[in-house]
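Visitor: The structure follows.
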Amino acid sequence: AMPPPEANASLNADVPSALPVGARVAEFEIRGVLGSGGFGIVYLAWDHALEREVALKEYMPSTLAGRGGDLSVSVRSSSMAGTFALGLRSFVNEARMLARFDHPSLVKVYRFWEDNGTAYMVMPYYKGRTLRRTRAGMVMPPGEGACRKVLEAVLAALDVLHKEGVFHRDIAPDNILIAEDGAGGVPVLLDFGAARRVIEGG
């Protein structure tokens, strides 16, 4: 799983399999690439229906699949179809899992659907920096109050997850985003890849 990206992630076209800027997926217009990993690409997109920026995540396992002349994703060879389908199911499970929760320190999923031979989920575009980068930019260690604010928010989010039998399994400074803007420095727990694998029993 890939987190909604940080604000200073560069918009780029360095991901060959990425959707082009200006492409439309449902009511969302691609504005650029925010990040990519082995199994997905996160874009900055404009929601034409609600007129706001969002992070749109597309299931796109570059080693298994490619993109045709249109927006569709297709498996590179029939021998990879089973692995592609498993990954797609995993992506779907992650979206459904996150959509169950509503907590300021848990990633929200606004919308999820399958199309073009793949799947998409839309999340808030969180502006901010990870806890790791925030700490690296400090001259002095944070005080107790700042530490408690992060810990209490993360523990409250974990409490919500644990009550539903979901375990994150990968909590680290890289997986906690200190969201800026209207969120006012709210810590948001990212990267649910390990939690998703636990749910699947994998």
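The values are calculated or read from the model by the stated rules, or taken from the named source; none is laboratory data. Note that the coordinates shown come from a computational prediction; the quantities given were computed from them, not determined experimentally. Using ideal geometry, Cβ is built from the backbone for each residue, glycine included, and neighbour counts are taken over all protein chains shown. Heavy atoms of the whole protein, side chains included, go into the accessibility calculation; ligands, DNA and RNA do not. Shrake-Rupley method; radii C 1.70, N 1.55, O 1.52, S 1.80 Å.
Visitor: I'd like the full set of residues that are open to solvent by less than 10 Å² (accessible area, probe 1.4 Å) and either farther than 25 Å from residue 192 by Cα or in contact (Cβ under 8 Å) with a residue 40 or more places away in the chain (or both), limited to the range 24-33.
Guide: Passing the criteria: 25, 28.
Visitor: Could you check the range 116-129 and list, in sequence order, the residues that are open to solvent by less than 10 Å² (accessible area, probe 1.4 Å) and at positive phi?
Guide: Result: 128, single match.
Visitor: Among (1) in contact with a Lys or Arg (Cβ under 7 Å, 6 or more places away or on another chain); (2) closer than 20 Å to residue 44 by Cβ, which single condition is residue 173 missing?
Guide: Unmet condition: (2).
Visitor: Which residues, counting only those in the range 51-62, are open to solvent by 10 Å² or more (accessible area, probe 1.4 Å) and modelled with pLDDT of 95 or more?
Guide: 51, 52, 53
Visitor: Does the range 84-133 hold any residues that are of a type in the set (Asp, Glu) and under 12 Å from the mean Cα position of the chain (by Cα), and which are they?
Guide: Result: 94, single match.
Visitor: Here's another thing I want to ask about it. So residue 102 passes all but one of these: (1) in contact with a Leu (Cβ under 6 Å, 6 or more places away or on another chain); (2) more than 17 Å from residue 26 (Cβ to Cβ). Which condition number does it fail?
Guide: Tallying (1) in contact with a Leu (Cβ under 6 Å, 6 or more places away or on another chain); (2) more than 17 Å from residue 26 (Cβ to Cβ), residue 102 fails exactly one: (1).
Visitor: Output the qualifying pairs, or none if there are none: Cβ atoms under 7 angstrom, residues six or more apart or on different chains, first residue in the range 135-156 and touching a residue at least 40 places away in the same chain (Cβ under 8 Å) and more than 15 Å from residue 177 (Cβ to Cβ), second residue surrounded by 10 or more Cβ atoms within 10 Å (Cβ to Cβ) and of a type in the set (S, T, N, Q).
Guide: Partner pairs satisfying both residue conditions: 156/105.
Visitor: Determine whether residue 90 is in contact with a helix residue (DSSP H, G or I) (Cβ under 9 Å, 6 or more places away or on another chain), touching a residue at least 40 places away in the same chain (Cβ under 8 Å) and more than 30 Å from residue 63 (Cα to Cα).
Guide: no
Visitor: Any residue in the range 63-86 that is open to solvent by less than 40 Å² (accessible area, probe 1.4 Å) sitting within a Cβ distance under 6 Å of a residue that is in a helix (DSSP H, G or I) and aliphatic (A, V, I, L, M)? List the pairs, counting only those 6 or more apart or interchain.
Guide: The qualifying pairs are 64/80.
Visitor: Please go through the range 99-115 and give me each residue that is touching a residue at least 12 places away in the same chain (Cβ under 8 Å), part of a loop (DSSP other than H, G, I, E, B) and open to solvent by 40 Å² or more (accessible area, probe 1.4 Å), ordered by number.
Guide: Answer for the range 99-115, where residues must be touching a residue at least 12 places away in the same chain (Cβ under 8 Å), part of a loop (DSSP other than H, G, I, E, B) and open to solvent by 40 Å² or more (accessible area, probe 1.4 Å): 100, 104, 108, 110.
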